[in-house]
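Taken together, the values in this text are just the output of simple stated rules run on the coordinates, not laboratory data. Predicted model, so just to flag it, every value in this text is computed and none were measured. Methodologically, a virtual Cβ is constructed for each residue, glycine included, from the backbone with ideal geometry; neighbour enumeration extends over all protein chains shown.
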Amino acid sequence: MILERRCLLAAAVGLFAVFSPGPASAVDPIRCTVVLDAQNGEAIHREGTCDKRVYPMSTFKLPLAMMGYDAGILKDETTPRWDYQAKFGGPARVKKAFDPTGWEKESIVWYSQETARRLGAERFGDYVRRFGYGNQDVRRPAVPTG
């Protein structure tokens, strides 16, 4: 089933975002769930602390997860479990196997990249454009030549 843009927000019902008030903060995370009517933009469900301003933290993981589940790459909260590969790089904390739950919880960049790679450039770009996400430019940045 291909998600239409009007269904995107409805598909997010039951999911919640965890935001941090800042990278160095030791306070409890802010939990907020907002579901908007895709037709008119009005909130049809609001729960939690949604009135505080926070720094954006990995806001693309939710749409990327929806792409992965819709495309059949991600199966459920524990499948697939992918092993870390040296080519991924990153700090020691990410150098182990992860599943979708760990990816979302720990913000594992290589898992996001692997999900996008498995979607393929064309399908990934199509999802981004249909979701109306950001400026919808998914071209790779030019590599500096010196």
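Can you work out the FRET efficiency for the pair ASP37 and THR59, with r the C-beta to C-beta distance and R0 = 25 Å, to the nearest 0.05? Please report the intermediate quantities before stating the final value.
Numbers: r = 20 Å, r/R0 = 0.81.
Efficiency at R0 = 25 Å is approximately 0.80.
Report the full-extension gain for the segment ARG93 to LYS105: residue separation times 0.36 nm, less the Cα-Cα distance, to one decimal in nm.
3.1 nm
Give me the percent relative contact order of the range 59-134, please, defined on Cα pairs under 8 angstrom at least 6 residues apart.
On the way: 58 pairs, mean separation 23.3, N = 76.
That works out to 31 percent.
Show which lysines lie in cross-link reach of LYS87 when reach means a straight Cα distance below 25 angstrom and same-chain residues fewer than eight apart are skipped.
Excluding near neighbours in sequence, the set is LYS61, LYS75, LYS95, LYS96, LYS105.
Using 0.36 nm times the number of residues separating ASP126 and THR79, minus their current alpha carbon distance, what extension gain do you get? Walk me through the numbers on the way to the answer.
On the way: separation 47, 0.36 × 47 = 16.92 nm, distance 2.39 nm.
So the chain would gain 14.5 nm between ASP126 and THR79.
Viscosity 1.002 mPa s, temperature 20 °C: Stokes-Einstein D of the range 59-134 from its Kirkwood Cα radius, in µm² per second? Write out the running numbers ahead of the final one.
Numbers: Rh = 12.7 Å.
Rounded to a whole number, D works out at 169 µm²/s.
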